[in-house]
Structure formats: C-alpha cells, structure tokens
Amino acid sequence: MPPAVLVTGGARRIGATIARGFGLAGWHVVIHHKDSHDEAEALAGELASAECVQCDLGDIEAAAAMIEALAARLGDWRVLINCAAVFHEDTAQRLDPAICVEAATINAGAPARMAQAFLAHARAKGGRRVIDLTDMKIANPNPDFFSYTMAKHAFSATVRMLAIAQDEPADRIYGLAPGAMLPSFDQLPEEHLRSGRMNLLERLTQPQELADAALFLAEGWLASGETLFVDSGQHLLSQPRDVLYLARQ
C-alpha cells in the first residue's frame, strides 16, 4: 500500500481538494467526514487508493479513538491533515456560548488531541507529519466570527507547542494558513470575487495552491513548528473586518 494520509473534513470544499491532490500524487487517502457520506464515497471512487471514515469531531475522545484505530492497521501512515472546522457567526460584543464551545472543540481541542494520538501511535517511514489548517486571521485578526477566530488562534499555538514537545527529530508539525478562497457563510458570487481579491496581490487564491502547499509540507523540508501562509499576502494587511463584510461596503 502507498503511504497514507488522513484528511479530516476531506469530503467537501478545501478538504476535498487536498484529498484529491494527495490521491493524484499516489497516496492512500483516508477521507474523514461527519455526515457527508455520499460526497466522501464519490471522491474515494475517483482515487486509485482511498477509504472513508466517519466521526463527529465534537466528541474529542471519539476523534482520538478514530486515530488510534487507523494507526493500528495503517503500516505507513505519514501525514495527518487537520482540515475540518466549523465557521459560525458571533461577535466581539457578545460571543454565543454554544458557538464558542463548538468552535473550541472542533477547531482546536479535537484536532490537537488527534495530533497527539497520531504522534503517539502512527507508524511511518521517514517521519510523521501533522499539517494543521489554521487561518490567515492568526496574523491579520478582526472582530468578526469571534469564537471561530479565537479557536483558530488557540489551535495555531499548538503547532509550535507540539513541535517543541517531540523527541523524534524526523517528525514535523506544521501550520498551513489559508486566506479567502471559497465562498463562505452567506456570500453571493460577486461578493466572493471582490473579497477574494482583498490581498496584496489582488488575486483570487485557488484551493489547489493549498493542496500543493500541503504536499510540499508532507515532504518535511521546513523546520518543525513553522506555519506557511497561502493567501496572496492577505495576512500582511490590517483589515478591520472580515472580507465577507468589507466586500459589501
């Protein structure tokens, strides 16, 4: 069997693009989903070597158990890509408690716990890689989507923390921080086109660029603990609001 990669949230949107990129590059792709069974199976059917796993990442211990079960049977599991996330609206004036708990669990707690389980149990040739999708908001924050952004900042902190904690020099833990790419929340197509160009290069960043970056990080060329931004320079700006709203002004 070829080397394996698990992509959480791999059935749809950016996760599917990353999963497809690894599959076309010759990897065995494990496509995680919560309730996108049909999309996951359809994507797996496109790839030469793939399988699907289902898990609700709102249950942190179930997420860790999924990792341990995969580690017990995958002989060369090299990469975990923590892509799954929730993106719901609340504000800096008043966070929504339910949104906050869900974001903290799915966007930070569960992927951090999965990374720990992967590093403790996975067997791999040439070192293991954890690739955590954060957000360019870790460098260019704004008050919108308050709980989502807070959770992504917490998750980003785990990249360097886990890198420092590893004893095996061949292992790598990376952050991968995208900017505006696909339509989000309730965006109209024309709003997406405007918001996606609100970066230094004034261009739409394509999801395939993120998949290519993940494949590069899987090779382990960067020092562990580093974060790679794929956002056409958006993180170098200071934007007072989410570009979703800036595009409507």
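The values are calculated or read from the model by the stated rules, or taken from the named source; none is laboratory data. What you see is a predicted model, and the numbers here were worked out from it, not measured in a lab. We place every Cβ from the backbone using ideal geometry, glycine too, and count neighbours over all the protein chains shown. When the accessible area is computed, the model is the full protein with side chains, heavy atoms only, and any ligands, DNA or RNA have been set aside. Shrake-Rupley method; radii C 1.70, N 1.55, O 1.52, S 1.80 Å.
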remark   = Given Cβ charges of +1 for Lys and Arg and -1 for Asp and Glu, the option among 9, 213, 101 whose Cα lies farthest towards the positive end of the dipole of the chain is 213
query = What is the Cα coordinate range of region 110-232 on the first, second and third principal axes, sorted by size from largest, in whole angstrom?
reply = 47, 28, 21
Longest exposed-site-free window of the chain, the sites being trypsin sites (Lys or Arg not before Pro) in a DSSP loop that have at most 14 other C-beta atoms within 10 Å = 1-93
query = Hey, got the dipole for the chain? About the Cα centre, +1 on K and R Cβ, -1 on D and E Cβ, debye to the nearest 20?
reply = 520 debye
task = Please label the shape of region 90-156 as rounded, prolate or oblate, based on the square roots a ≥ b ≥ c of the eigenvalues of the alpha-carbon gyration tensor (a/c under 1.5 means rounded; beyond that, a/b larger than b/c means prolate, else oblate).
result = oblate
Cα-based reach from residue 125 at 19 Å (exclusive), listing aspartates and glutamates while leaving out same-chain residues under 8 positions away = 68, 76, 167, 168, 171, 219
Accessible-area value, residue 216, 1.4 Å probe, nucleic acids and ligands omitted, Å² = 90 Å²
task = Please identify which residues in region 14-28 have an amide N closer than 11 Å to a label point set 7 Å out from the Cα of residue 76, following the Cα→Cβ vector.
result = 27-28
query = In µm²/s, what is D for the chain at 10 °C and 1.306 mPa s, where D = kT/(6 pi eta Rh) by Stokes-Einstein and Rh is the Kirkwood radius from Cα pairs?
reply = 88 µm²/s
key: Distant alpha-carbon pairs in region 23-171 (separation over 17 angstrom), percent   = 65 percent
query = So how much slack lies between residue 168 and residue 60, counting 0.36 nm per residue of separation and subtracting their Cα-Cα distance, in nm?
reply = 36.4 nm
message = Once each part is reduced to its C-alpha centroid, what is the distance from region 102-159 to region 33-66 in angstrom?
response = 18 Å
note = Taking 0.36 nm per residue of separation between residue 93 and residue 186 and subtracting their Cα-Cα distance, the length gained on full extension comes to 31.4 nm
key: Partner aspartates and glutamates for residue 152 [C-alpha distance under 19 Å; skip if fewer than 8 residues away on the same chain]   = 56, 59, 89, 90, 96, 102, 132, 135, 144, 226, 231, 242
remark   = Rounded to one decimal in Å, the inverse mean reciprocal Cα-Cα distance for region 1-55, i.e. its Kirkwood radius, is 10.3 Å
remark   = Percent relative contact order for region 193-249, counting Cα pairs under 8 Å at least six residues apart, stands at 51 percent
query = Could you give the accessible area per residue of the chain, probe 1.4 Å, as a whole number in Å²?
reply = 44 Å²
